[in-house]
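Input: a single structure, listed below in C-alpha cells.
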Amino acid sequence: MKVKIELDLKAFKTPNFVLVCTSPTERQEGIKEEMKFNLTELDSLTLSELCDQFREDIFKKAGKEQPPQSV
C-alpha cells in the first residue's frame, strides 16, 4: 500500500540585509559587528545576482540539477 501526504512547506526566510565579506581579525581586537547593507540600499542588478547565487547554492547543496527556467 502506498500513501501520499501533502505538506505545506514554509518558504525560505527573506533577509532584511546583506553582509559584507571581511577578513578575519586578531582575537585581541575583540568582536566586531559585520558590515551590512539593507536590501533597499542595493541596486536591482546586485539583488538579482545575489538571488541567482542563492538559487545555485541551494540546488548544489541539495545535489539536484536546476530545472530549465522559462523566459
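Hey, with R₀ at 30 Å, roughly what FRET efficiency would Q66 and V20 work out to, going by the Cβ-Cβ distance, to 0.05?
Approximately 0.65, to the nearest 0.05.
What number, in percent, do you get for the relative contact order of the chain if the mean sequence gap of Cα pairs under 8 Å and at least 6 apart is divided by its residue count?
Relative CO of the chain lands at 23 percent.
For K13, list the lysines whose Cα falls under 22 Å from its own Cα; do not include residues on the same chain fewer than 8 positions away.
Cross-link targets: K36, K60, K61, K64.
Which GluC sites (Glu not before Pro) does the stretch 11-71 hold that lie in a coil by DSSP with at most 14 other beta carbons within 10 Å?
On the way: sites: E26, E29, E33, E34, E41, E49, E56, E65; in loops: E26, E33, E34, E65.
Of the GluC sites (Glu not before Pro), the ones in loops of the stretch 11-71 whose Cβ has at most 14 other Cβ atoms within 10 Å are E26, E33, E34, E65.
Among (i) 18, 31, 28, 16, 7, 0; (ii) 21, 57, 20, 1; (iii) 13, 30, 31, 17, 7, 2, 0, only one was calculated for this model; which label is it, if the read-out is P(r) over Cα pairs in 10 Å bins from 0, in percent?
(iii)
Quick one: what are the phi-derived ³J(HN,Hα) couplings along the stretch 22-37, Karplus 6.51/-1.76/1.60 with θ = phi - 60°, whole Hz, x for glycine and proline?
10, 7, x, 10, 5, 4, 5, 6, x, 7, 10, 5, 5, 5, 9, 10
Bear in mind these aren't lab numbers, they're just calculated from the coordinates by the rules spelled out. As the structure is a prediction and not an experimental result, all values here were calculated from the model. For neighbour counting, all protein chains shown are included, and Cβ atoms are generated from backbone atoms with ideal geometry for every residue, glycine included.
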